[in-house]
Amino acid sequence: MATEPNVGEAPLHSLVEVQEDTRQRICGGRVLLRIRLAPDEVASLSEPDPLFSLVPRTAYLPFLFHDVLEHFKKSAIARMGQPYELWFDFNHTALKWHFPVGVLCDALVGVEVPVPLDLTVHFRGNSVMSDLLPFSGMADLQRSVMNAFKQAIFLEVGSASRFMRLEKKEHMMLWDAILQSDIKSFSQVEEKLMCSTLAECKSLAVRLHIWAPAHDGEVLLHKAPALRESGAAFTLSDFLAMAMPPLLSAAGDVLAEGVEVLTQGLILELHWLRRISLGT
């Protein structure tokens, strides 16, 4: 997948020819979840059966709220007219509802994802979920996701006007595609938001999810050059050397001991990863 040094002026679609079935294989993965009600919230005489759900990696946890509520509401402690506060944890770590399931899975589980993956659902708040953003409905999720898109477009072209100029039906098409994990419909709208060439891109937007003792759950929106000074495409290795040099060896050409890239190699061109990733 190497490119020539003078790739900056080439039409982006000629550099990244993404077939629909290829993108489906890369972005269409699913995670089998086994969801149990928190033991201290069980009001029934016996523990309810778990809920199994095969969830797209591009989905968000609030997409599960309706099915989870219907499955467990007869067994959960009644709130006496008060609304439930649904949230999930994995091994006592509260899961952020505004991150895709695949991101949460990669950050907290890694390569060896168990089948099924066990999550615990809670119907009331406690101190564990204190770091979660307030959630009052799907409008909160839609606002969070769309704001992330606007931020990325601003970093890439220096303005959010492309996103703002989308017609109402295109905004609806984009959101429906996210709700349904519809890769084809998502791509149709995304084409209108992308740079036509790498030289046109002021930067590429990269979101870093950091799960480490001192930065647990920290997220950084980082900009990266689309091109090296030589005119060649910027790679994942280039980005890590620039943004997080401790992850690489002293020579900067291999990963440091104990560090791994889950699915892509260091020589991967960053613009290709941007194109294939559904913007998540």
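No value in this document is a laboratory result; all are computed from the given coordinates. All of these numbers come straight from a predicted model, not from anything done at the bench. Here the Cβ is made from the backbone with ideal geometry for all residues, glycine too, and neighbour counts use every protein chain on show.
Against the empirical curve 2.2 N^0.38 Å, the C-alpha radius of gyration of the stretch 94-229 lands at a ratio of 1.21. Between LEU221 and ARG207, the contour length at 0.36 nm per residue exceeds the Cα-Cα span by 4.6 nm. Pairs from the table (LYS169/LYS223; LYS168/LYS192; LYS96/LYS184) lying more than 25 angstrom apart at Cα are LYS169/LYS223; LYS96/LYS184. Close amide H contacts of LEU32 (hydrogens built in the peptide plane, cut-off under 5 Å, sequence separation of 5 or more or a different chain): VAL55, LEU117. Legend: calculated FRET efficiency, ALA199 to ALA43, from the Cβ-Cβ distance at R0 = 51 Å, rounded to 0.05, equals 0.25. Amide H contacts of THR197 (H built 1.01 Å from N, in plane; Pro and chain starts excluded): LEU12 sit under 5 Å, all sequence-distant by 5 or more or on other chains. When the alpha carbon gyration tensor of the stretch 29-129 is reduced to an equivalent ellipsoid, the three semi-axes, largest first, read 23, 14, 12 Å. Ordered by the count of other Cβ atoms within 10 Å of each Cβ, fewest first, LYS223, LYS96, LYS73 give LYS73, LYS223, LYS96. Loop-located trypsin sites (Lys or Arg not before Pro) across the stretch 117-172 with a Cβ neighbour count of 11 or fewer within 10 Å are ARG165, with loop assigned by DSSP.
The stretch between SER230 and SER144, if pulled fully straight at 0.36 nm per residue, gains 27.3 nm over its current Cα-Cα span.
Counting every other Cβ atom within 10 Å of each residue's Cβ, ILE267, ILE178 order from fewest to most as ILE267, ILE178.
In terms of its C-alpha gyration tensor, the stretch 60-102 comes out prolate, because a/c is 1.5 or above and the ratio a/b outweighs b/c.
Projecting the Cα atoms of PHE90, HIS66, SER53 onto the dipole axis of the stretch 29-129, where Lys and Arg carry +1 and Asp and Glu carry -1 at the beta carbon, places HIS66 farthest toward the positive end.
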